[in-house]
Structures are given as structure tokens and as C-alpha cells.
Amino acid sequence: MFKHIPNLLTILRLLLVPVFPVVYFSTTPNAMYYALGIFIVAGITDVLDGYIARKYQLTSVIGTALDPLADKLMLLTALTCLYMSSHLPFIILVIMYIKEFTMMLTGVYMYFHKENVVVASNLFGKLATVIFSLAVVLTMLLPHSQFHIILLYIALLFKLMAFTSYTLNFFRNAKKQMSA
């Protein structure tokens, strides 16, 4: 049973994705704070499942694929909700959707066509995720502050740097395989 804990935490995070907007847009008093709690719980489960999987060598192919999917879906859901409530510039949302869906499609392609390869995240991607998460939290706590907008653009810059790095590595590997 213990060996399945990281995957169970990832599945929990996936289940929280549709709950977030339902709570965020509910008429319940303090709904945004409850949604923030859901976002924070999702973040904690992300850190926890990664820690447990690495520490106890419990990584799995399904976990390696579902973990980044859960992260992307939760972030895109939170960003969409923030945009819909006028707390996020449209351009950030558009760029994030294009970037994340391109990464998901590329990941699926590489997994099924390149001997089950899963691309690991890099430093830029990890920094972007942390900064985006912080920006989402600050936006929900202080929706009228402009500081979160600055953080969102910094996070977007790191996401684009990560995307550029992934793209360059993809083409380098493709070139190596073609010349082999």
C-alpha cells in the first residue's frame, strides 16, 4: 500500500482541479479563501508525493506522467479563474495555455513514440512553478495589489525560458537520432 501513496496523492490533486473553480465561483462567504486552501493543499500534495517517491524510490511511469499533468491542470485552472474574475491579464493566460498544451502534446508524443521517454522538469520550470504558485496565492489574498502582476510576468518569463530549453533539447536529441 505504501508504494502507491505518491500516485494516490497525484490522483487527489487531479480530483481537486474541478473542485477549485466550483468553490472559487461559489456564493459561499469567503469562497476565494476556501479555493486558496484547495490550491495550497494541491501544492502540498505535489511536494509530498515528489518527496516520498524520490526518498523511497517509489517513482512509477504513471506517476511520472500524471504528476506534471496535475500541476499543469491546477495552475491553468487557477489562472483561468483569476482571469475570469479580472485579476489576471489575458496575455498571460493565452501564453500559458499555448505553452502548456504544446508541452503536453510534445510529452504525449515523446512518451508514445520515443520508447516511453518522459521529459523531466528543469530549473527554469521549477522556479516558474514556485513563482506562479506564489503569485496565485498573493492574487487571491491581495487581489487589488499590483505586486502579483509583476510576479506573474516573472513566472511567465521563467516558463518561457524552460520552454525554450525543452525545445532546444528536443531538437538536439532529434538531430542526434537522425545522424545515428
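All of the numbers you see were taken from the coordinates with simple rules; none came from a lab. Not measured: the values here are computed from a predicted model. Positions of Cβ are backbone-derived with ideal geometry, glycine not excepted, and every protein chain shown enters the neighbour counts.
Quick one: length gained pulling Leu48 to Ile150 fully straight, 0.36 nm per residue minus the C-alpha distance?
33.9 nm
Compute the angle between helix 147-179 and the longest alpha-carbon principal axis of the chain, please, reported from 0 to 90 degrees and rounded to the nearest 10.
So the inclination is approximately 10 degrees.
How far is helix 61-84 tilted off the main Cα axis of the chain, in degrees rounded to 10, range 0 to 90?
30 degrees
5 Å is the cut-off here: which amide hydrogens, built 1.01 Å from N in the peptide plane, fall below it relative to Asn122, excluding neighbours closer than 5 in sequence?
none
When the chain is fully extended, how far beyond the present Cα-Cα distance does Val19 get from Leu105, taking 0.36 nm per residue of separation? Can you show the working numbers first?
Details: separation 86, 0.36 × 86 = 30.96 nm, distance 2.46 nm.
Contour length minus Cα-Cα distance gives 28.5 nm.
With angles folded into 0 to 90 degrees, how steeply does helix 31-55 sit against the dominant principal axis of the chain? Use alpha carbons for both and round to 10.
Roughly 30 degrees between the two axes.
For the chain, what is the number of Lys pairs with C-alpha distance below 30 angstrom, counting only pairs 8 or more positions apart or on separate chains?
Going through the chain pair by pair, I get 28.
Given the Cα atoms of the chain, and with Rh set as the inverse mean 1/r over their pairs in the Kirkwood sense, what is Rg to Rh to two decimals?
0.99
Ranked by Cβ crowding within 10 angstrom, fewest neighbours first, how are His87, His144 ordered?
Ordered by Cβ neighbours within 10 Å, fewest first: His144, His87.
Treat each spin label as a single point 7 Å out from the Cα along the C-beta direction, and report the Leu157 to Ser26 distance in nm.
3.8 nm
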